[in-house]
Amino acid sequence: MNILTIKKILIILFSVLSIGAVQANETIIKIGLPLVSPPWNTSQFLQQSIHYLSWKLPQYKFEAVWVSVDDIEKSFEEGKLNLAVFPSLPTLFGNSKTRRVLSTIVDTRAPNPDSGTSCVILVPKDSPIKDLKDIQGKHIISTNKMSLPGNLACLAEIEKSGINTDELNLRLLGDLNEKFLIDDLKQHKADAAFVRSGFIEDVLLASGKNILEGLRVLNPQQNKQLLNLVHSTGTYPGPTLVANNNISPQAVHAILSTLLTIPQNSYGQKWTVPANSESVDELARNLKIGPYAYLRSWTVERIWEEYKFFVTLAVLFIIFLFIHSWLTQKEVVKKTAHLSQALKDQKAAEEMAAAKGKRIEFLEKKAVIGQLSNIVAHEVNGPIGIIQNLTHGLRKQIDVTLDSEADPTDALDSIENQLNIIEKEADKVCSIIAKMRLANKTNTPGTDSDLSEILQTVGSQFNKKCQAILIGLKETTTVDFNPIELEVVIYNLFKNAYEASAQRKAPRIFAEVSHKNDTAILRIWDSGPALSEKEFLNIVSEERQTTKAEGIGMGLSIVSALVRKHEGKLVFSRSEFGGLEITLVLPFSSTAHREKNESKSFNSNR
Amino acid sequence: MNRKALIRIVDDELNMRNSLKFLLEQSGFVCRCYESAKDFLVNDDFNIPGCIIMDYQMDEMSGLELQTKLNQRGIKLPVVFFSGQGDIDIAVTAMRKGAQNFIQKASGADSILSAVRQVVSSVPESYLDFAPSLTPAEAINLYSKLSYQEVKVCECINKGMLNSDIARKLQISPKTLRNYKLQIRQKLQLDDPAQLPHVIRFVIDNMKEGK
């Protein structure tokens, strides 16, 4: 071995080592690709894309990892993959926050990234299954579990038709190849089969064989602008590239910008904008899987999600009830306080009324006594005044007579005359006192008095001042009333009537006695001027403010007190002249009434 | 000028009228009675000074109405009301309308007399008629000659006291009192015993004025 040879060997070794060193510095990017039932037209485009990336981005070493549709999600989640192409959007599972949806593949058959895939439900041509509803209880077959498109798209469609997909008789063959599904179906080993959209077309493209012979597409969709493939369900995003969080943003940027520059092939396949996740989200919600799995059990979250409105309403209602009850409580406390205050006030008012009542009673008594004492004073003071005057005068006369030396005979004659007068006046006083004593002895209700007689007595007193016209005094009317008090009553009523009519030139007082059942009725009115409404009400009211200048406002009070005492009645009304008319209803004396009745019956018997 | 004060008594009750007249005349007053307000208005000479004692309650025209009429006619004679009832409000009304006094009928002769005296004292010459023969100076001169006891008696007489009351007050017998009075009359040169109180009053009043 010469030096040259050694040199060559060293150079080659170095080159190899340096290349190895370069290769060792390359970043390996693992791209997960789904194993979809062959023939899958898109798998070639995926391989071409990885070649393109390797060529354009030599700093990265791209490794294609083919994973089954069911496992690709799991591998991606575990971080075994840096990038992954999902047959449709992978938003159903795992932590979506760590993912970046980069780009979606479109082609001439599926030009819209949001509607790239779907699913086909195949039944034998002669099957009794006419639509999705008939599929309940039937034997259904499919390849794998939760792939999209595949079972999930079909299940979502069936769920939409009102059938609970959890109760479907679905059998999974566990084999990737959908060709076996077609075979089983044709051999009537199953009633229906789920296959991915594009499978029929891909088989036709690859082998020129139409697998639809002897089969029928259930619930075929006619939206060819969206997806120009035979399909039975709604459409979902096409194959989509997703970046994991274990790859740098710089790498993602380089990869994405490179992918988007890949020219479209003869099938029109190319990378384009990422698909919208809305349809996938709706599917998950319909099937209660992935982020909506909680809908399968009655969690608080689900209750809130489903009955948000009612829960809010109920909470609001409870708050309202709470506030309402609080306010009501407050109001109750307030009202109770008001009521107890009102009760207190009422009690106080009642006590006050009782006190006032007593006071009025007292005043009435005082008034009666005052009135009687006035009458007595008027009667007694006259004679006593005369006696006082005469006695004083007499003593003077005696003094003068004794002082003078003249003959006392004339003086003594005069003295005797004056003494006679004194004696008479003293007798008058005695008789008044005797009358009072008599009145006092009989001063109890139930004493009889003759109304007619008393009327005449009082009338004659007033006849000097005015004309007292007495009507209906033919017979004796014995009433159950103390005579003195009855005189006081009638005197007061006459006095009232006189004072009311005194302004007239010829004042007249009218008094009429009539009988009704067991009562005597005395009406008293006058020819005085008409009373105004206010004056009339004033008299009738309890206070009875007098309309007369000199009155003390108690005359009618005395009268009504006495009448009440004897169980009589006092009625105020307007007379024919517009003045006051007072009607006094007095019960007949029971003894006199009985005697009268007896004599009547005695006379009639005779 | 020497006019006597005339006391008019207006009352519709005869005995009251007469008893008042008797009382006042015994005290030396000149009285005239009227049985009603109308009688008074028709027959009285309002120019004679004096006063009116009238019953408050009379038929036809009450005392108050009469007083109103007098006020309307400009008659200034003082009025003393006389009433059986003693209502304060009646008295107040009467006093407001210009009555000089308001007396209850049974309030005693003294109150009537003092009321009349008080009213009549405003008539300057009311007592001159009783001592026409004496000038005030002469009367005072005579009066100054009275003994201490006699002056005491005169003071009591001037107060209108009766003999028995004076005797009790001065603790002397009625007979002794009569002797004193006789001596006083002689010293004051009076024949008529009825003139004594007026002369004494005349002297005492003049003595007060002199002071």
How many residues of region A:115-161 are under 13 Å from A:V280 (Cα atoms), modelled with pLDDT of 85 or more and more than 54 Å from the chain's Cα centre (by Cα)? The answer is 3
Restricted to region A:381-393 and to residues being of a type in the set (A, V, I, L, M, F, W, C) and at the interface with chain B (Cβ under 7 Å from one of its Cβ atoms), the residue nearest to the chain's Cα centre (by Cα) is A:I384
Within region B:184-209, the residues that are surrounded by fewer than 19 Cβ atoms within 10 Å (Cβ to Cβ), farther than 16 Å from A:D399 by Cβ and within 14 Å of chain A (Cβ to nearest Cβ) are B:Q186, B:D191
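What strands (runs of 3 or more DSSP E) lie completely within region A:432-511 and have 3 or more residues being touching a Leu at 6+ places or on another chain (Cβ under 9 Å)?
A:478-480
Quick grid of which residues meet (1) closer than 21 Å to A:E425 by Cα; (2) in contact with a Gly (Cβ under 9 Å, 6 or more places away or on another chain); (3) within 11 Å of chain A (Cβ to nearest Cβ); (4) polar (S, T, N, Q):
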| site | (1), (2), (3), (4) |
| --- | --- |
| B:L14 | yes, no, yes, no |
| B:N18 | yes, no, yes, yes |
| B:C33 | yes, no, no, no |
| B:D44 | no, no, no, no |
| B:C51 | no, no, no, no |
| B:K69 | no, no, no, no |
| B:R73 | no, no, no, no |
| B:P78 | no, yes, no, no |
| B:I90 | no, no, yes, no |
If we ask which residues in region A:472-483 are buried (at least 20 other Cβ atoms within 10 Å of the Cβ) and among the aliphatic types (A, V, I, L, M), their number turns out to be 1
Looking across region B:98-120 at residues that are more than 12 Å from chain A (Cβ to nearest Cβ) and within 19 Å of B:E65 (Cα to Cα), the single one that is surrounded by the fewest Cβ atoms within 10 Å (Cβ to Cβ) is B:G98
Here the residues within region B:1-42 that are within 15 Å of A:K396 (Cβ to Cβ), polar (S, T, N, Q) and modelled with pLDDT under 90 are B:Q26, B:S27
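Here's the yes/no breakdown for (1) among the polar types (S, T, N, Q); (2) farther than 17 Å from A:T401 by Cβ:
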{"position": "B:E155", "(1), (2)": "no, yes"}
{"position": "B:N158", "(1), (2)": "yes, yes"}
{"position": "B:L188", "(1), (2)": "no, yes"}
{"position": "B:Q195", "(1), (2)": "yes, no"}
Within region A:232-277, residues in a helix (DSSP H, G or I) and either touching a strand residue (DSSP E or B) at 6+ places or on another chain (Cβ under 7 Å) or in contact (Cβ under 8 Å) with a residue 12 or more places away in the chain (or both) come out as A:A251, A:V252, A:A254, A:I255, A:L256, A:T258, A:L259
Inside region A:363-387, the number of residues satisfying the requirement of being touching a Leu at 6+ places or on another chain (Cβ under 9 Å) and of a type in the set (G, A, S) is 1
(request) Please tell me if A:K396 is within 14 Å of another protein chain (Cβ to nearest Cβ) and either in contact (Cβ under 8 Å) with a residue 40 or more places away in the chain or over 46 Å from the mean Cα position of the chain (by Cα) (or both). (result) yes
Only one of B:D89, B:D39, B:D12 is part of a loop (DSSP other than H, G, I, E, B) and either buried (at least 19 other Cβ atoms within 10 Å of the Cβ) or of a type in the set (D, E, K, R) (or both), namely B:D12
Expected single match for in contact (Cβ under 8 Å) with a residue 12 or more places away in the chain and part of a loop (DSSP other than H, G, I, E, B) among A:I211, A:I182, A:I140, A:I200 is A:I211
When every residue in region A:35-86 that is among the hydrophobic types (A, V, I, L, M, F, W, C) and free of Cβ contacts under 8 Å to residues at least 24 places away in the same chain is compared, the one surrounded by the most Cβ atoms within 10 Å (Cβ to Cβ) is A:I50
Note: among A:F309, A:F317, A:F322, just one is under 30 Å from A:E157 (Cβ atoms), in a helix (DSSP H, G or I) and modelled with pLDDT of 85 or more, namely A:F309
Within region A:402-420, residues being hydroxyl-bearing (S, T, Y) and more than 9 Å from chain B (Cβ to nearest Cβ) number 1
Within region B:131-179, of all residues that are within 14 Å of chain A (Cβ to nearest Cβ) and assigned to a loop (DSSP other than H, G, I, E, B), the one farthest from B:P197 (Cα to Cα) is B:S173
Filter region B:53-67 for residues that are charged (D, E, K, R) and either in a loop (DSSP other than H, G, I, E, B) or buried (at least 19 other Cβ atoms within 10 Å of the Cβ) (or both); the one that is nearest to the other protein chains (Cβ to nearest Cβ) is B:D59
Would you confirm whether or not region A:216-227 contains a residue that is aliphatic (A, V, I, L, M), out of contact with any strand residue (DSSP E or B) (no Cβ under 9 Å at 6 or more places or on another chain), surrounded by fewer than 16 Cβ atoms within 10 Å (Cβ to Cβ) and in contact (Cβ under 8 Å) with a residue 40 or more places away in the chain?
no
Of (1) over 16 Å from A:F577 (Cα atoms); (2) touching a residue at least 40 places away in the same chain (Cβ under 8 Å); (3) touching a strand residue (DSSP E or B) at 6+ places or on another chain (Cβ under 8 Å), A:F494 fails just (2)
* Using the structure shown, decide if A:K424 is over 60 Å from the mean Cα position of the chain (by Cα), closer than 22 Å to B:F29 by Cα, of a type outside the set (G, A, S) and within 14 Å of chain B (Cβ to nearest Cβ). => no
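Against the condition within 14 Å of chain B (Cβ to nearest Cβ), closer than 30 Å to A:V563 by Cα and of a type outside the set (S, T, N, Q), how does A:V376 come out, does it pass?
Considered against the rule, which asks whether it is within 14 Å of chain B (Cβ to nearest Cβ), closer than 30 Å to A:V563 by Cα and of a type outside the set (S, T, N, Q), A:V376 comes out as yes.
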Expected single match for surrounded by 16 or more Cβ atoms within 10 Å (Cβ to Cβ), more than 23 Å from A:R285 (Cβ to Cβ) and either within 60 Å of the chain's Cα centre (by Cα) or not small (G, A, S) (or both) among A:D191, A:D175, A:D183 is A:D191
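The values are calculated or read from the model by the stated rules, or taken from the named source; none is laboratory data. Given the structure is predicted, the values throughout are model-derived calculations rather than measurements. Reconstructed Cβ throughout: ideal geometry from the backbone, glycine too, with neighbour counts over all protein chains shown.
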